[in-house]
Amino acid sequence: MSDRTADDASDPGDRDRTPTDEARPDAAFRFAVGGYVGVLAAGLAATVASLAGAASIVVVGVTLIGSPVGCLAGVVFARRVRGLPIRLGRTWRRRTAVGLPAVPFGAVGLASMLASVAFRSGLVALASAFAITIAGYVVTRMARTRFVDAVTGDEPAATWRWDPPGSPRRDALLLLLWLILSAVNAASGEWLAALAWFGIAAFWLAGGLAEGRWWVDAVGATPELRVHDAGLVIQRPYARSLVPWREVSHVRLREDELVLDRDLRDVRFDRDELADLEAVRAAIDRHRQAGSPGARS
């Protein structure tokens, strides 16, 4: 099932502005931004020091200094910029930009594999790239959830229990496989490969939690679909996304799938995820035909 949101399909700019756009970010989001900036600052300091040939103790020292300084700066920045999560979560371009700082670190790590850069520098840079990517992923997921909350303040017209696609057992086996590969490479002294496998495992774990493939009933929201005036909200245990009606040209059933046709990518749910596809389609059609704001005929 694809859930690329309305703001992913196009860049609406300021047309979806809400009163909460000027609200101060909540504490959880401020600390998430602080963690992201802290990781970025620590990675930059450590990589530059390593490339400059500094002693290992110096690399560790600048990392320990850069992390809390960057974290504090990030928290202050997030607190001062009103509506930061809404603005950031509004478009896919802005969310993608959060991960771009990891690219040069990854390039240094790749250069190390090609023997163009010292091994230690590549190891530090690659670790930084993975840490920045994961921290940025958390920030963007939180931002998108807050954007969805800002544009769907109304009570849902209909709600259904939804089971996110995926196999927890298969995903757990893949996670275990990557961790084993990391351990095997570490044991043989292939530290760059070990770090690469460990980074993939960490990102897989973060993605599984965000997508709802892994969750505990007592922690996080129950996965469900909600029909709002603004669009269809896809609720995962720890995140939400939105499919706006203006991006949906047609809702149809095809074999055992409910398909919402969109300009760029369709959104699909199969019967393993939604038990009564027919009822969901009928409710969505009724809501759109009733004249929901932004719905297309």
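Tabulated results
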| item | result |
| --- | --- |
| The chain, accessible area per residue, ligands and nucleic acids excluded (1.4 Å, Å²) | 48 |
| 3J(HN,Hα) from dihedral phi, the stretch 48-60, Karplus parametrisation 6.51/-1.76/1.60, rounded to Hz, x for glycine, proline | 4, 5, 5, 5, 7, x, 5, 5, 4, 5, 6, 4, 5 |
| Inter-label distance for LEU114 and ASP163, nm, one decimal - labels placed 7 Å from Cα along Cα-to-Cβ | 4.7 |
| Rounded, prolate or oblate (a/c below 1.5 giving rounded, otherwise prolate when a/b exceeds b/c) for the stretch 70-225 by Cα gyration tensor | oblate |
| Dipole magnitude (debye, nearest 20) for the chain, charges at Cβ of Lys, Arg, Asp, Glu | 880 |
| Theoretical FRET efficiency, 1/(1+(r/R0)^6), r = Cβ-Cβ of TRP191 and LEU100, R0 30 Å, to 0.05 | 0.70 |
| Heavy-atom accessible surface of the stretch 224-291: percent carbon and sulfur, 1.4 Å | 40 |
| Linear extension gain, PHE31 paired with ILE180, 0.36 nm per residue minus alpha-carbon span | 50.4 nm |
| Helix 191-211 vs. the chain, principal-axis angle (Cα, 0 to 90°, nearest 10) | 20 |
| Per-residue [θ]222 nm for the chain (sum of -39500 (n - 2.57) over DSSP H runs n ≥ 4, rounded to 500) | -19000 deg cm²/dmol |
| Exposure of ASP276 as accessible area (Å², to 10), given a probe of 1.4 Å and all protein chains | 80 |
| Added length on full extension, which subtracts the Cα-Cα distance from 0.36 nm per residue, LEU253 to VAL81 | 57.5 nm |
| Inter-part distance where the stretch 224-263 and the stretch 81-114 are each reduced to a Cα centre, Å | 27 |
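The values are calculated or read from the model by the stated rules, or taken from the named source; none is laboratory data. Only a predicted model underlies this, so the values are computations on that prediction, with no experimental measurement involved. Positions of Cβ are generated from backbone atoms using ideal geometry, with glycine treated the same way; all protein chains shown enter the neighbour counts. Accessible surface areas use protein heavy atoms only, side chains included; no ligands, DNA or RNA. Shrake-Rupley method; radii C 1.70, N 1.55, O 1.52, S 1.80 Å.
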